[in-house]
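The values are calculated or read from the model by the stated rules, or taken from the named source; none is laboratory data. As the structure is a computational prediction, the values presented were derived from the model and not from experiment. With ideal geometry, Cβ positions are generated from the backbone for all residues, glycine too; neighbour counts draw on all protein chains shown.
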Amino acid sequence: MSMIGPSRWADAGAAMLRSRLDTLNRQVSDGRKGPGYGDIAPEARRAIDLRADMARREVWQGTIDRTLARTDVTQKALGRLSDIATQFYQETIRMDGVSDVRIAAVAAQARAAMAEVATLMNERHAGEYLFSGSDSANPPIPDPANIATAGFATDIAAAVAGLGGGNAAAVAAATLAAAQSDAAGTTPFSAFLSDPAQGLAEPRRSVPAAEGDRVEYGILANRNAVATSEGETTGSWSRDILRGLATLAAIDPAQAQLGTDFVDLVATVRDGFRSAIDSIGEERGALGAVEQRLEATKRRHDEVSVALTAQLVQIEEVDMADTISQLRATQTQLEASYRAISSLSGLTLTRFLA
């Protein structure tokens, strides 16, 4: 029968202690129980599920952040559009009985405002056109600089030029038809937005905020999102603004002498601006509610992620205080083992058996 000497037993024990010390040193260094899922068995499957859930929530949070950045820019654009509609609504209140010079000035301002409205509708964020729907790589109004000479504007100008003889209602109807038109060459909006099979039919842009939860936030340039336009309206607040501005831009100061026809046409324009102001207010309010919903969802993801992280820490990470205590104890044991090996190395067989 073979015998294992005391020094070999001591060496084997020291080797085990060294391995244990290496493991503890690594755990103190990175705080983890081990580099592989085998080190956290039998909780490995649960750790994988926790990490997957956390990753999904991180993606949703990133998507929500990007969407909130878009809605913030959209809100600012809508605010300025509302300011323009309000400015010219107030101008139409003052237009009855004003001087020819003032009417000419309003017409010039309206032409400039049309270009600003078109530019606002072409607002972008991170390279995407916000009011283009799914056609976000292309502007909703392709030629904003020349919108005052677009087909709808020239049609409105022609109708306004014929004002007189009690035909204010017919002129208003003609301006309405021009602003509502989606025909190529008339509408200022892109071919995509004007196509009944594309932009005119597609749903609003939406974002996945959680499992099975998509939140609509998009607003298209040529039609309302959630607002219902009422009164003297094209049915779209953006078209109402452009119609009103194009009408004011086309008015000849001499037409103020037409009496009732002039007053009635200005009243029609005023009502259109009033409708646009109300509708933009609805859009902004609804978009604000969407922003609150997204922010609440993001906070919920944050809270759940914190809880999931705590669970994952319990599975994957060591108790640092306990690990340091074990490390020190193992170091002490290993030092004692080395001392024992040193003592045993001087023993002879006779001394060992004595």
Being surrounded by fewer than 19 Cβ atoms within 10 Å (Cβ to Cβ), within 27 Å of the chain's Cα centre (by Cα) and under 29 Å from Arg66 (Cβ atoms), is that true of even one residue in region 274-282? yes
Go through region 191-218 and give me each residue that's under 24 Å from Arg66 (Cα atoms), part of a loop (DSSP other than H, G, I, E, B) and in contact with a helix residue (DSSP H, G or I) (Cβ under 6 Å, 6 or more places away or on another chain). Gly199, Tyr217
So Ala179 passes all but one of these: (1) among the aliphatic types (A, V, I, L, M); (2) free of Cβ contacts under 8 Å to residues at least 24 places away in the same chain; (3) within 17 Å of Thr234 (Cα to Cα). Which condition number does it fail? (2)
Need at least 1 residues that are touching a Phe, Trp or Tyr at 6+ places or on another chain (Cβ under 9 Å), modelled with pLDDT of 95 or more and among the hydroxyl-bearing types (Ser, Thr, Tyr) per element, so show me which helices (runs of 4 or more DSSP H) inside region 257-354 make the cut, counting only ones lying wholly within it. 260-316
